[in-house]
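A quick write-up on the structure given underneath.
The values are calculated or read from the model by the stated rules, or taken from the named source; none is laboratory data. This is a predicted model, so every value here is computed, not measured. Here Cβ is always computed from backbone atoms with ideal geometry, including for glycine, and neighbour counts include all displayed protein chains. For accessibility, only protein heavy atoms count, side chains too; no ligands or nucleic acids. Shrake-Rupley method; radii C 1.70, N 1.55, O 1.52, S 1.80 Å.
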Amino acid sequence: MNETRHRVLDALADGPVSGPALADELDISRSAVWKHVEALREEGFEIGSSDAGYTLDSVPEFGASAVEYGLDAPFSVEYHDSIPSTNARARDCAADGASDTVVLADEQTGGRGRLDRDWHSPSGGVWLSVLFRPDVPMAHAPVFTLAAAVAVTRAAREAGVEASIKWPNDVLVRHGDAERKLVGILTEMEGEADRVSWVVVGIGVNANVDPADLPAEAEPTSLLAERGDSVDRRLFTQRLLEEFDTLRQDPANVVEAWRESATTLGKQVRVETPGGTIEGEAVDIQFPGALVIETDSGTEIVSAGDCEHLRPITE
Ligand code: BT5
């Protein structure tokens, strides 16, 4: 949304405000005011007009302007009702030179997980990718995956869902011994060794989605299923982006924040890494995201892999 339209919205929210007063305040013509008001109505804002002037009566449920309006983070949002993959689109935006851009969709038709796996993304989810250009070496980029996991966990908890993180990138909800997957995160990046050019953090949240519409073998859950009613996706997305914005500015503190939200530490784990399977107790996490595992034959430090929490062996 452009700057003037933002200011029109802010003035309407404090309204009623008359067209001429708005034109004066923003130093634009009356017909420009009218055009902004019409454009906002087209985007789903309900704007009333009476003798007293314009008033903002309601904000659209979801979409680019809905998320940008009232967002306390410097992202511009691009929204699609349906798109193959928000990560693919964000990578194209990166190639065009963009930054601090969020690509958001209601539905993805070709959503991707890690290792080219499918990510099911029916209508009703929060499928988004954040494109930004942090001033860090490539080796530090995994910290942004952790930051995204912390941000989405905090937003889920605020929405009343007791989520926690499984190393490195899954956000789960526990049901007794079972852990159900609520969120998946896929980070992609490009750059030179000493400096990242761009990072795309893709976050897929099963928000207002029926878990029956997701692959059963993944043992999925959703905010809808956990809460018993649908979540306000606009507010949820805003909280997620605001938390992520704060965390990305302070990479050194992300690991500590991650520890507070994670369930992996202290657990017996089995991690499938590119170099083989490692089993043992997960004892710590190290910047920018490596897991420290005590195995029978010593300490292993793992920077990537698929992690399974093992049940404790009872004698
Ligand atoms: C992930 O991969 O968990 C990363 C998923 C990232 C998705 C986001 S959505 C926005 C952005 N745009 C994209 O195209 N991608 C990102 P991984 O750890 O590899 O898990 C993939 C596995 O999770 C699949 O093989 C399924 O078993 C399972 N799965 C697929 N869809 C799921 C869903 N909606 N909920 C829970 N599990 C799912």
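Side notes on the structure shown:
- For region 15-28, a residue qualifies if it is out of contact with any Ser or Thr (no Cβ under 9 Å at 6 or more places or on another chain) and assigned to a helix (DSSP H, G or I), and the qualifying residues are Pro20, Ala21, Leu22, Asp24, Glu25.
- Filter pass, Gly44 being closer than 16 Å to Ala13 by Cβ and modelled with pLDDT under 95: yes
- Flag if Val67 is over 17 Å from Leu241 (Cα atoms) and touching a helix residue (DSSP H, G or I) at 6+ places or on another chain (Cβ under 7 Å): no
- Checklist (1) open to solvent by 20 Å² or more (accessible area, probe 1.4 Å); (2) of a type outside the set (S, T, N, Q); (3) touching a strand residue (DSSP E or B) at 6+ places or on another chain (Cβ under 9 Å) applied to Val173, failing item: (1)
- Elements of type helices (runs of 4 or more DSSP H) in region 29-135, at least 1 residues being open to solvent by 60 Å² or more (accessible area, probe 1.4 Å): 30-42, 86-95
- Qualifying residue in region 181-203 (condition: surrounded by fewer than 14 Cβ atoms within 10 Å (Cβ to Cβ), within 12 Å of the ligand (Cβ to nearest atom), modelled with pLDDT of 95 or more and more than 19 Å from the chain's Cα centre (by Cα)): no
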